[in-house]
Amino acid sequence: MRKIKYSTPPYKKCTQAGWVCLLFILISGCDRPPNTIHDSPEIPFTITWQPELPRAEQPIVFSLTLPSDLAPELSQVRGVSMYMGRIPLQWQAVGAGRWQATLLVGACSEPTMQWQLTVPLRRVASSSVETTVPTPLQVIFNTVTN
């Protein structure tokens, strides 16, 4: 009589927790955080906002990093999902090439609202002459209703 040995396939040796960890690593390793936007083809920049998933009627803090020869001008936020008017956004310098602004948006009937932030830029020359950069930065972000 011949004995047959069976072995457990490798995928059955892993625990469920191991598979969950592997899946999390694969999913999160490929994308940047949803509240960060990097570089346009013309201008190197980074913009982030906190909290990561903002709520309507609660402060949203934007942080903008630009080359030192650029500065943001008065910006505006407008609703994409629904017309909510135009909200001005004023930037404050917090360091060399770093800017910050706080925004409060209203709630609407949509559970998730999409917004567009438009940031016009100006070039700050070493002389007293300032020139406008032709293409403003445009960023899309979402808020959820409370």
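The values are calculated or read from the model by the stated rules, or taken from the named source; none is laboratory data. As the structure is a computational prediction, the values presented were derived from the model and not from experiment. Virtual Cβ from ideal backbone geometry, glycine too; neighbours counted across all protein chains shown.
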Legend entry - Residue list for the range 49-59, restricted to those being closer than 14 Å to residue 140 by Cβ and assigned to a strand (DSSP E or B): 49
Inset, instruction - Might you let me know whether the range 13-34 holds any residue that is within 16 Å of residue 115 (Cα to Cα) and either at pLDDT below 95 or of a type in the set (Lys, Arg) (or both)? - result: yes
Inset, instruction - Starting from residues that are out of contact with any Leu (no Cβ under 6 Å at 6 or more places or on another chain) and within 13 Å of residue 72 (Cα to Cα), keep the ones in the range 96-117 and report whichever is surrounded by the fewest Cβ atoms within 10 Å (Cβ to Cβ). - result: 96
